[in-house]
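Student: Please find one structure pasted underneath; my questions will follow.
The values are calculated or read from the model by the stated rules, or taken from the named source; none is laboratory data. Fair warning: this is a prediction, and the values are worked out from it, not measured in the lab. Glycine also receives a Cβ, built like all others from the backbone with ideal geometry; neighbour counts cover every protein chain displayed. These area figures cover heavy atoms from the full protein model, side chains too; ligands, DNA and RNA do not enter into them. Shrake-Rupley method; radii C 1.70, N 1.55, O 1.52, S 1.80 Å.
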Amino acid sequence: MKKGLTVAAVTLMSASLVLSACGSKEDNTNSANNGKNNTATNTATTDNKANNAPAAKDVKLSLRHTQIKETSKVRLKILQDVVAKTESENAGLKISMEGIDEVVNRDQKLKAEMAAGNPPDIFEVFGGADLNLYVKAGRMLDLTPILDELGIKDKFASLDEFTIDGKVYGLPFGGYSEGVFYNKKMFTDLGLQIPKTFDELITLADTVKAKGKTPFALAAKDAWVNGMLWNTIMERHVGIASFDKLLTGEAKWTDPDFVAGFADYAKLVDKDYFTKGALGLPYADQGAQFLKGDTAMVFTGSWDANRFTSDEAGDLKGNIGYFNFPSISGGKGDQTSINASYSNGFGFSANLDEDQKAAVTQFIKNFFNEEIQKRTLLEDKVLPSMKLSDMSGVDPLISDVLSVMGGASTSWKAFDAIVQPSVGADVGVGLQELIGKVKKPEDVAKAAQASQDKANAQK
């Protein structure tokens with residue numbers, strides 16, 4: 001397009017020169033005599049336009065993000081680029097960025113700000129249960145008109161977790177799936193095959209342990225990390241629809257199938273398949289253990305693929321695979337389903353004035369497009385939240401992840417996007433108690449149900 005415009009401009013200039021050359025000597029003389037007056041007139045006109053032009057408005061926006069880890073540098077750079085572009089296109093606009101820890105933001109700071117009614121203008125937020133609370137309190141900006149204006153609503157893979165009563169209150173900046181990343185070299189050396197059933201996984205883990213290696217890397221200091229593997233085990237037992245029934249009382253954490261889910265997770269703990277001292281280890285240590293070759297597997301989200309394909313992977317770079325968690329005999333869930341969704345996104349404050357909304361519209365336009373989504377996929381290895389027409393250049397490990405997702409019978413969102421946040425937090429504590437071997441599965445189930453009853457009563 002740019003090349004075409006240049007040719008047209010050159011052609012127009014040439015035509016003007018020819019017409020000038022063909023003009024009479026008198027025309028040229030008159031032009032010379034009137035040149036001074038024309039210049040004065042043009043100057044006055046220019047000054048007048050400048051005086052009548054609306055002045056650029058000073059607009060300020062605060063943006064809260066959680067990309068503060070070493071492994072999030074690429075994601076932060078992409079966000080910074082979008083912010084810089086948005087500011088450059090809007091004279092007078094200043095977007096102030098603040099980075100804080102994800103857990104602190106979700107569980108403490110943002111909750112307090114929402115209660116007080118003064119959240120940041122733009123902020124990272126989880127869809128589902130978290131968002132429902134904030135929408136109910138009237139804190140979230142309805143983005144539906146903006147999406148209609150930009151014409152991008154249908155370009156997202158899924159807006160389910162950010163849609164309430166037909167209105168969109170947040171935009172996912174990436175998708176994810178959770179499954180088992182495994183050390184291909186160790187599997188080959190030990191003659192291991194990807195397990196298809198839970199019993200096969202137990203046999204595999206026993207083989208790994210007998211060779212002096214740890215079956216699963218785990219850093220359990222942050223409760224949400226433990227919830228990933230447990231969530232899939234529980235889904236295999238009860239089916240994802242049962243989590244919704246917890247909110248209505250149709251299902252209880254103390255039901256036999258739920259207790260069985262806690263028990264199978266405890267079985268992995270009791271067999272010492274996880275990293276020793278896991279409760280004292282921060283999340284970053286989990287990936288480090290795996291990349292050192294100390295463990296055969298790690299259950300985590302596809303967001304860690306960026307780290308697993310980086311130079312940090314060392315000898316394991318190119319030797320890491322991905323598979324879906326195996327089926328559990330007798331389970332009532334979908335045995336070939338996968339936890340995959342679009343839960344992490346940006347939300348916007350309902351307090352924004354019209355000028356701020358206009359700036360936010362530009363930010364959304366600059367962030368949620370194919371160019372940025374492709375950068376996110378290639379550079380950060382985060383699954384795009386929007387449909388891409390070009391998937392070239394994708395890393396083999398990401399291709400594995402996408403293949404596993406495509407082969408799953410169904411996908412579902414994490415349990416903590418379904419149950420109330422207080423219940424999710426208490427389940428996290430219960431899982432840590434299982435890992436610490438201080439509580440039995442039945443006791444953890446009873447505590448979870450007590451928390452559920454309390455949360456349900458507060459509706």
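Student: For the chain, take the longest principal axis of its alpha carbons; what is the angle in degrees between that and the long axis of helix 396-407, to the nearest 10 within 0 to 90?
Tutor: Rounded to the nearest ten degrees, it is 70.
Student: At 1.4 Å probe size, what's the solvent-accessible area of residue 453? Round to the nearest 10 Å².
Tutor: Accessible area, nearest 10 Å²: 80 Å².
Student: Going by amide H atoms built from the backbone, whose H comes under 5 Å of the H on residue 320, apart from near neighbours?
Tutor: Residues meeting the amide H criterion: 184.
Student: Still on this model: Please say if segment 384-459 is rounded, prolate or oblate, where rounded means a/c under 1.5 for a ≥ b ≥ c the square roots of the C-alpha gyration tensor eigenvalues, and otherwise the choice is prolate for a/b larger than b/c and oblate otherwise?
Tutor: Working: a/c = 3.69, a/b = 2.14, b/c = 1.72.
Because a/c hits 1.5 or more and a/b exceeds b/c, segment 384-459 counts as prolate.
Student: Determine how many Å³ per residue the convex hull of the Cα atoms of segment 217-271 encloses. Write down the numbers at each step before the final one.
Tutor: Numbers: hull volume 4.8 nm³, N = 55.
That works out to 87 Å³ per residue.
Student: So, one more: Could you pull out every residue, at least 5 positions away or on a different chain, whose amide H is within less than 5 Å of the one on residue 168? Hs are placed 1.01 Å off N in the peptide plane, and Pro or chain starts have none.
Tutor: Residues meeting the amide H criterion: 143, 144.
Student: Could you give the distance between the Cα centres of segment 150-183 and segment 387-459, to the whole Å?
Tutor: Their Cα centres are 16 Å away from one another.
Student: Candidates (1) 55, 27, 18; (2) 35, 28, 20; (3) 72, 27, 18; which is the computed semi-axes √(5λ) of the Cα gyration tensor in Å?
Tutor: Among (1) 55, 27, 18; (2) 35, 28, 20; (3) 72, 27, 18, the one calculated here is (1).
Student: Turning to a different aspect of this structure: In degrees, nearest 10, range 0 to 90: what is the angle between the Cα axis of helix 421-435 and the longest Cα principal axis of the chain?
Tutor: Its long axis makes an angle of about 50 degrees.
Student: Could you tell me which of rounded, prolate or oblate describes segment 82-152, using a ≥ b ≥ c as the square roots of the eigenvalues of the alpha-carbon gyration tensor, with rounded for a/c under 1.5 and, failing that, prolate when a/b is larger than b/c and oblate otherwise?
Tutor: Numbers: a/c = 2.14, a/b = 1.33, b/c = 1.61.
Since a/c reaches 1.5 but b/c is at least a/b, the shape of segment 82-152 is classed as oblate.
Student: Is the shape of segment 285-402 rounded, prolate or oblate, going by the alpha carbon gyration tensor and its root eigenvalues a ≥ b ≥ c, with a/c under 1.5 for rounded and a/b larger than b/c for prolate?
Tutor: Numbers: a/c = 2.22, a/b = 1.63, b/c = 1.36.
Note, shape of segment 285-402 comes out prolate.
Student: With r defined as the distance between the Cβ atoms of residue 276 and residue 399 and R0 fixed at 51 Å, what FRET efficiency is calculated, to the nearest 0.05? Kindly include the intermediate steps, with their values, before the conclusion.
Tutor: Working: r = 34 Å, r/R0 = 0.67.
FRET efficiency, residue 276 to residue 399: 0.90.
Student: For segment 130-282, treating each Cα as an identical point scatterer without solvent, what Debye log10 I(q)/I(0) comes out at q = 0.11, 0.12, 0.16 1/Å?
Tutor: -0.66, -0.76, -1.04
Student: Return the subset of 73/221; 185/317; 185/211 for which the Cα-Cα distance in this structure is over 19 Å, preserving the input order. Display every interim value, and only then the final one.
Tutor: Values: 73/221 23 Å; 185/317 11 Å; 185/211 14 Å.
Checking Cα-Cα distances, 73/221 exceed 19 Å.
Student: Can you give the extra length, in nm with one decimal, that the chain gains between residue 108 and residue 184 once fully stretched, where that is 0.36 nm per residue apart less the Cα-Cα distance?
Tutor: 23.4 nm
Student: How tilted is helix 370-380 with respect to the longest principal axis of the chain? Cα atoms for both, answer in degrees (0 to 90, nearest 10).
Tutor: In the chain, helix 370-380 runs at an angle near 50 degrees to the longest axis.
Student: Give the peptides 310-322, 213-225, 352-364 in descending order of average Cβ contacts within 10 Å, highest first. All intermediate terms of the calculation are to be shown ahead of the outcome.
Tutor: Working: 310-322: 15.2, 213-225: 21.3, 352-364: 17.4.
Order by mean packing, descending: 213-225, 352-364, 310-322.
Student: Moving on. Per residue of segment 225-236, in order, report the coupling 6.51 cos²θ - 1.76 cosθ + 1.60 (Karplus, θ = phi - 60°) as ³J(HN,Hα) in whole Hz, putting x for Gly and Pro.
Tutor: 5, 5, x, 5, 4, 4, 4, 5, 4, 5, 4, 4
Student: Rounded to whole Hz and in sequence order, give me ³J(HN,Hα) for segment 153-158 from the Karplus expression 6.51 cos²θ - 1.76 cosθ + 1.60, θ = phi - 60°, writing x for Gly and Pro.
Tutor: With coefficients 6.51, -1.76 and 1.60, one gets 4, 7, 8, 7, 5, 6 Hz.
Student: Further question: Please state the charge dipole magnitude for the chain, taken about the Cα centre, from unit charges on C-beta atoms (+1 on K and R, -1 on D and E), reported in debye and rounded to the nearest 20. Intermediate results must be reported in sequence, preceding the final value.
Tutor: Values: 52 positive and 60 negative charges, 95 e Å.
In total the dipole reaches around 460 debye.
Student: Let me ask something else about it. Helix-derived [θ] at 222 nm for the chain: sum -39500 (n - 2.57) over DSSP H runs of at least 4, divide by residue count, nearest 500? Please list the in-between numbers first.
Tutor: Values: 18 runs with 226 residues, N = 459.
Calculated at 222 nm, the ellipticity per residue is -15500 deg cm²/dmol.
Student: For residue 433, tell me the accessible area in Å² from a 1.4 Å probe, rounded to the nearest 10.
Tutor: Looks like 50 Å² after rounding.
Student: Ok, one more. Mind giving me the nanometre distance, one decimal, between the label points for residue 284 and residue 91, set 7 Å out from Cα along Cα→Cβ?
Tutor: Going from the residue 284 label point to the residue 91 one covers 4.3 nm.
Student: Also: Given segment 302-355, report the % of alpha carbon pairs whose separation exceeds 16 Å. Let's see the in-between values first.
Tutor: Details: 970 of 1431 pairs.
Percent of Cα pairs beyond 16 Å in segment 302-355: 68.
Student: Pop out the ³J(HN,Hα) list for segment 164-172 in order, Karplus 6.51 cos²θ - 1.76 cosθ + 1.60 with θ = phi - 60°, rounded to Hz; leave Gly and Pro as x.
Tutor: My calculation for segment 164-172 gives 10, 6, x, 10, 9, 10, x, 10, x Hz in order.
Student: Near residue 57, which lysines are there with a Cα under 19 Å away, not counting those fewer than 8 places off in the same chain?
Tutor: The reachable lysines, counting only those whose Cα sits under 19 Å from residue 57, are 49, 85, 94, 357.
Student: At 1.4 Å probe size, with every protein chain present, just tell me what the per residue accessible area of the chain comes to in Å².
Tutor: Working: 22060 Å² over 459 residues.
For the chain, the solvent-accessible area averages 48 Å² per residue.
Student: Of 307, 236, which has the most accessible area and how do the rest follow, probe 1.4 Å? Don't skip to the end; give the middle numbers.
Tutor: On the way: 307 30, 236 0 Å².
Heavy-atom accessible area, descending, gives 307, 236.
Student: Amide H to amide H under 5 Å from residue 334: which residues, 5+ apart in sequence or cross-chain, H placed 1.01 Å off N in plane?
Tutor: Those lying under 5 Å, H to H, from residue 334 are 239, 240.
Student: Right, something else. What's the magnitude of the charge dipole for segment 87-141 around its Cα centre, counting Lys and Arg as +1 and Asp and Glu as -1 at the beta-carbon? Answer in Debye, nearest 20.
Tutor: Numbers: 6 positive and 10 negative charges, 65 e Å.
The dipole of segment 87-141 has a size of about 320 debye.
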